[in-house]
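Participant: My structure is below; once you've seen it, I'll send some questions.
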Amino acid sequence: MAEAEAQRMHPARRGMYVLPSLFTSGSIALGYYIIMQSIRGSVMADPALSAAAFDHASLAIAFAIVFDGLDGRIARMTNTSSAFGKELDSLADVITFGVAPSLLAYLWGVRQLPPSIHPEIEARVMHFGVVVCFLFLICGACRLARFNISVNPQPRNPGRPGRKYFVGMPIPAGAGVLAAVIHFEGGSPVHNLWLSLVWLALVAFVGFLMVSSWRFWSGKEIDTNTRKPGRLLVLLVVVIGIIVEWDQIALLVIALGYLVSGVMARLAYSWNRRFHAV
């Protein structure tokens, strides 16, 4: 009787391993959608349709970040983590948060520049844009590779003892910064040469943060299994409500706030070291 019960439970247990991979596959599908929408936005003659396609691509990155967070948490909650799932998750991150955002960043921020009276300068900016957006992709891939091989990594500017941090900005957060800016602009592409250079500077800076050894909040200390989940639930509902109601501003504040938090943590640590050294 016990053996028959175990045999009935075994297929269900094996089926649970598929659940996290489904979310990972959804993230890959969103990456493909981002690439297609980015290309669509770059070739549309109607400015409104072009902006809508770019905006849809940026929102898809936001949904992909949610999927990326769920697959790992579900795997840990159901105790179904596997080497296959980890490898698939890394490949998904390279596609969805590396290849797709780098293409979107170039087509939205550089490729849509109108003809100017200085075609040589414009051509150089476009070539420079290809290099910068490619570097974003490389930095993201290196960040993932370092994360996969690191065991208990420590940031160069350690924070509160016992609290876990990411070493360098995670690639989903880096892609989220680019997506938040594009969505804040309603997907309307950059048509100004100087704004395009500012955009490329932001893309390059985000790439640098990903390969840096600065600390970024991981959020791993949030306990979803707490006996009093009421406060966490209320906070989650409030955050979702704010994002739904004021999505453009809220997503930009969250993305840039996370970026600035890492920069400020590094500056504060450097300042404290100099202060104590005097």
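The values are calculated or read from the model by the stated rules, or taken from the named source; none is laboratory data. Because the structure is predicted, anything quoted here is derived from the model rather than measured. Neighbour counts are summed over all protein chains in view; Cβ atoms, including those assigned to glycine, are modelled from backbone coordinates with ideal geometry.
Participant: Is the stretch 142-164 home to any residue that is under 30 Å from GLN112 (Cβ atoms) and among the β-branched types (Val, Ile, Thr)?
Facilitator: Checked against the condition, which is being under 30 Å from GLN112 (Cβ atoms) and among the β-branched types (Val, Ile, Thr), the stretch 142-164 yields no hits at all.
Participant: Condition first: touching a residue at least 60 places away in the same chain (Cβ under 8 Å) and in contact with a Phe, Trp or Tyr (Cβ under 9 Å, 6 or more places away or on another chain). Now tell me which residues in the stretch 116-134 satisfy that.
Facilitator: Once the filter is applied, which keeps residues that are touching a residue at least 60 places away in the same chain (Cβ under 8 Å) and in contact with a Phe, Trp or Tyr (Cβ under 9 Å, 6 or more places away or on another chain), the stretch 116-134 yields GLY129, VAL132, CYS133.
Participant: Oh, and also: Here are the criteria: (1) in contact with a Lys or Arg (Cβ under 9 Å, 6 or more places away or on another chain); (2) part of a helix (DSSP H, G or I); (3) within 24 Å of VAL66 (Cβ to Cβ). Tell me which single one MET169 does not satisfy.
Facilitator: Of everything listed in (1) in contact with a Lys or Arg (Cβ under 9 Å, 6 or more places away or on another chain); (2) part of a helix (DSSP H, G or I); (3) within 24 Å of VAL66 (Cβ to Cβ), MET169 misses just condition (2).
Participant: Residue under question is ARG143, and the condition is that it be part of a helix (DSSP H, G or I), surrounded by 13 or more Cβ atoms within 10 Å (Cβ to Cβ) and among the charged types (D, E, K, R); does it hold?
Facilitator: In short, yes.
Participant: Among GLY98, GLY72, which is of a type in the set (Gly, Ala, Ser) and under 30 Å from PRO189 (Cβ atoms)?
Facilitator: Among GLY98, GLY72, only GLY98 is of a type in the set (Gly, Ala, Ser) and under 30 Å from PRO189 (Cβ atoms).
Participant: Next up: So which residues in the stretch 151-183 are under 20 Å from the mean Cα position of the chain (by Cα) and of a type in the set (Gly, Ala, Ser), if there are any at all?
Facilitator: Within the stretch 151-183, GLY168, ALA173, GLY174, ALA175, GLY176, ALA179, ALA180 qualify.
Participant: Could you please find all residues in the stretch 222-278 being assigned to a helix (DSSP H, G or I), modelled with pLDDT under 85, among the aliphatic types (A, V, I, L, M) and more than 19 Å from ARG73 (Cβ to Cβ)?
Facilitator: Once the filter is applied, which keeps residues that are assigned to a helix (DSSP H, G or I), modelled with pLDDT under 85, among the aliphatic types (A, V, I, L, M) and more than 19 Å from ARG73 (Cβ to Cβ), the stretch 222-278 yields VAL234, ALA277.
Participant: Give just the number: which of (1) buried (at least 20 other Cβ atoms within 10 Å of the Cβ); (2) part of a loop (DSSP other than H, G, I, E, B) does ILE182 not satisfy?
Facilitator: (2)
Participant: Specify which of the listed residues (PHE84, PHE63) is among the aromatic types (Phe, Trp, Tyr), surrounded by fewer than 17 Cβ atoms within 10 Å (Cβ to Cβ) and modelled with pLDDT under 90.
Facilitator: PHE84
Participant: What tally of residues in the stretch 24-54 results from selecting those that are more than 16 Å from THR96 (Cα to Cα) and either surrounded by 18 or more Cβ atoms within 10 Å (Cβ to Cβ) or in contact (Cβ under 8 Å) with a residue 40 or more places away in the chain (or both)?
Facilitator: The qualifying residues number 7.
Participant: Residues to consider are ALA141, ALA179, ALA201; find the one that is under 22 Å from GLY257 (Cα atoms) and either in contact with a helix residue (DSSP H, G or I) (Cβ under 8 Å, 6 or more places away or on another chain) or aromatic (Phe, Trp, Tyr) (or both).
Facilitator: ALA179
Participant: Separate question: For the stretch 69-81, give me each residue that is crowded, with 18+ Cβ neighbours inside 10 Å and not in a helix (DSSP H, G or I).
Facilitator: THR80
Participant: I'd like the residue in the stretch 103-122 that is assigned to a loop (DSSP other than H, G, I, E, B) and not polar (S, T, N, Q) and, out of all such residues, is modelled with the lowest pLDDT.
Facilitator: ILE117
Participant: Filter the stretch 147-164 down to the residues that are touching a residue at least 40 places away in the same chain (Cβ under 8 Å) and either hydroxyl-bearing (Ser, Thr, Tyr) or not in a loop (DSSP other than H, G, I, E, B) (or both) and list them by number.
Facilitator: Within the stretch 147-164, ASN148 is the sole residue that qualifies.
Participant: Something else: Does the stretch 57-68 hold any residues that are in contact (Cβ under 8 Å) with a residue 24 or more places away in the chain and more than 14 Å from PRO101 (Cβ to Cβ), and which are they?
Facilitator: Answer for the stretch 57-68, where residues must be in contact (Cβ under 8 Å) with a residue 24 or more places away in the chain and more than 14 Å from PRO101 (Cβ to Cβ): just PHE67.
Participant: Restricting to the stretch 41-91, what's the tally of residues that are of a type in the set (Val, Ile, Thr) and over 21 Å from the mean Cα position of the chain (by Cα)?
Facilitator: 3
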